[in-house]
Amino acid sequence: MKALISLRGIKKRIGSEEILKGIDLEVFDGEFVSIIGASGSGKSSLLYIMGLLDKPTEGEVFFEGDKISYLQDRKLAYIRNKRIGFVFQFHYLVQELSILDNIILPALKSGLSQSEARKRAMELLERLGLRGKENRKPYEISGGEMQRTAIARALINSPRVLLADEPTGNLDSSNTQKVMDIFKEINKDNTTIVMVTHELDLARQTKRIVEVKDGMIVRQEYPPLFV
Ligand SMILES: Nc1ncnc2c1ncn2[C@@H]1O[C@H](COP(=O)(O)OP(=O)(O)OP(=O)(O)O)[C@@H](O)[C@H]1O
Ligand SMILES: [Mg+2]
């Protein structure tokens with residue numbers, strides 16, 4: 001089986017510091033992988049490289065079998081926009097735009113018509129429990145709703161893979177579980193997910209746990225409890 005994302009011998013140096021020290025990792029279609037590890041261990045750096053938002057100093061990244069370093073900028077931008085959804089720890093919603101407009105922004109950028117984008121956004125709003133909030137601005141909704149808006153925005157182009165960096169980092173336990181349930185549901189619908197978290201309880205709800213320590217993968221585990 002061909003990996004969706006494949007990392008081979010990834011190293012990342014910043015200044016004199018080596019923050020990733022030779023990472024080999026493959027993510028397959030339909031997986032739900034969590035990346036855990038202490039603060040500063042390299043989780044975000046790894047996720048950024050997987051999301052093609054940053055380049056390794058050494059090593060190769062493959063997306064759907066294509067060697068990324070050989071691809072032209074246009075193809076890279078296409079993959080980033082259409083094939084990968086990113087949820088950041090801080091959601092970076094545009095404060096001046098309504099919730100609906102925030103969600104449809106990436107769809108318009110990728111050439112979907114206004115009416116198609118709106119239709120899809122309304123479906124996502126419904127699914128993420130944001131119905132009725134679509135005309136509000138980000139500062140008029142709760143933290144949990146902002147994070148769900150960011151998830152809807154990441155899903156608007158129906159990406160093949162969703163990469164999420166501490167998506168529940170700022171949420172209380174009830175909103176955290178809501179986000180986890182949404183992730184499990186979209187994973188069932190065949191969206192591959194890679195999620196960084198420092199909460200083992202959440203990692204245990206995924207299909208595979210990858211532990212990073214000092215820029216290296218030190219452990220992998222397939223939680224028996226996955227439901
Ligand atoms: N732009 C940068 N310049 C210098 N050092 C950096 C930069 N980005 C990250 N680092 C360093 O690289 C290491 C890994 O950082 P990274 O953000 O990947 O960690 P993390 O595992 O995501 O941590 P956290 O759980 O706190 O988010 C850290 O030691 C950090 O200080
Ligand atoms: Mg981080």
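Looking at (1) under 15 Å from the mean Cα position of the chain (by Cα); (2) more than 30 Å from Glu134 (Cβ to Cβ); (3) of a type in the set (Gly, Ala, Ser), find the lone condition where Ala38 falls short.
Ala38 satisfies every listed condition except (1).
Please identify the pairs in which a residue from segment 26-39 that is of a type in the set (Ser, Thr, Tyr) has its Cβ atom under 6 Å from the Cβ atom of a residue that is within 16 Å of ligand 2 (Cβ to nearest atom) and open to solvent by less than 10 Å² (accessible area, probe 1.4 Å), counting only partners at least 6 apart or on another chain.
Note: pairs meeting the criteria are Ser34/Met195; Ser34/Thr197; Ser34/Ala203.
Among Gly51, Gly40, which is within 16 Å of ligand 2 (Cβ to nearest atom) and open to solvent by 40 Å² or more (accessible area, probe 1.4 Å)?
Gly40
Mind listing just one residue for me: the one in segment 1-38 that is of a type in the set (Val, Ile, Thr) and more than 7 Å from ligand 1 (Cβ to nearest atom) and, of those, nearest to Gly59 (Cα to Cα)?
Ile10
Would segment 68-84 turn up any residue that is open to solvent by less than 40 Å² (accessible area, probe 1.4 Å), among the β-branched types (Val, Ile, Thr) and touching a residue at least 60 places away in the same chain (Cβ under 8 Å)?
Yes, segment 68-84 has at least one match.
Condition check ((1) touching a Pro at 6+ places or on another chain (Cβ under 6 Å); (2) away from ligand 1 (no atom under 16 Å from the Cβ); (3) not aliphatic (A, V, I, L, M)) across all residues:
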{"site": "Gly40", "(1), (2), (3)": "no, no, yes"}
{"site": "Lys43", "(1), (2), (3)": "no, no, yes"}
{"site": "Lys67", "(1), (2), (3)": "no, yes, yes"}
{"site": "Asp73", "(1), (2), (3)": "no, yes, yes"}
{"site": "Phe90", "(1), (2), (3)": "no, no, yes"}
{"site": "Val94", "(1), (2), (3)": "no, yes, no"}
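Which residue out of Gln95, Gln89 is part of a loop (DSSP other than H, G, I, E, B) and over 30 Å from Ile36 (Cβ atoms)?
That would be Gln95, the only listed residue that is part of a loop (DSSP other than H, G, I, E, B) and over 30 Å from Ile36 (Cβ atoms).
Only one of these conditions is not met by Ile19: (1) of a type in the set (A, V, I, L, M); (2) surrounded by fewer than 21 Cβ atoms within 10 Å (Cβ to Cβ); (3) without any contact (Cβ under 8 Å) to a residue 60 or more places away in the chain. Which number is it?
(3)
Looking for something charged (D, E, K, R), away from ligand 1 (no atom under 16 Å from the Cβ), under 22 Å from Met195 (Cα atoms) and in contact with a Pro (Cβ under 9 Å, 6 or more places away or on another chain) - is there at least one such residue anywhere in segment 119-140?
No; the residues of segment 119-140 include none that is charged (D, E, K, R), away from ligand 1 (no atom under 16 Å from the Cβ), under 22 Å from Met195 (Cα atoms) and in contact with a Pro (Cβ under 9 Å, 6 or more places away or on another chain).
For segment 126-210, give me every one of the helices (runs of 4 or more DSSP H) that falls completely inside it and has 3 or more residues that are among the charged types (D, E, K, R) and open to solvent by 40 Å² or more (accessible area, probe 1.4 Å).
In segment 126-210, 173-188 are the helices (runs of 4 or more DSSP H) which contain 3 or more residues that are among the charged types (D, E, K, R) and open to solvent by 40 Å² or more (accessible area, probe 1.4 Å).
The values are calculated or read from the model by the stated rules, or taken from the named source; none is laboratory data. Bear in mind the structure is a predicted one, so any value in this text is a computation, not a measurement. When we count neighbours, we look across all protein chains shown, and the Cβ atoms used for this are built from the backbone with ideal geometry, even at glycine. Heavy atoms of the whole protein, side chains included, go into the accessibility calculation; ligands, DNA and RNA do not. Shrake-Rupley method; radii C 1.70, N 1.55, O 1.52, S 1.80 Å.
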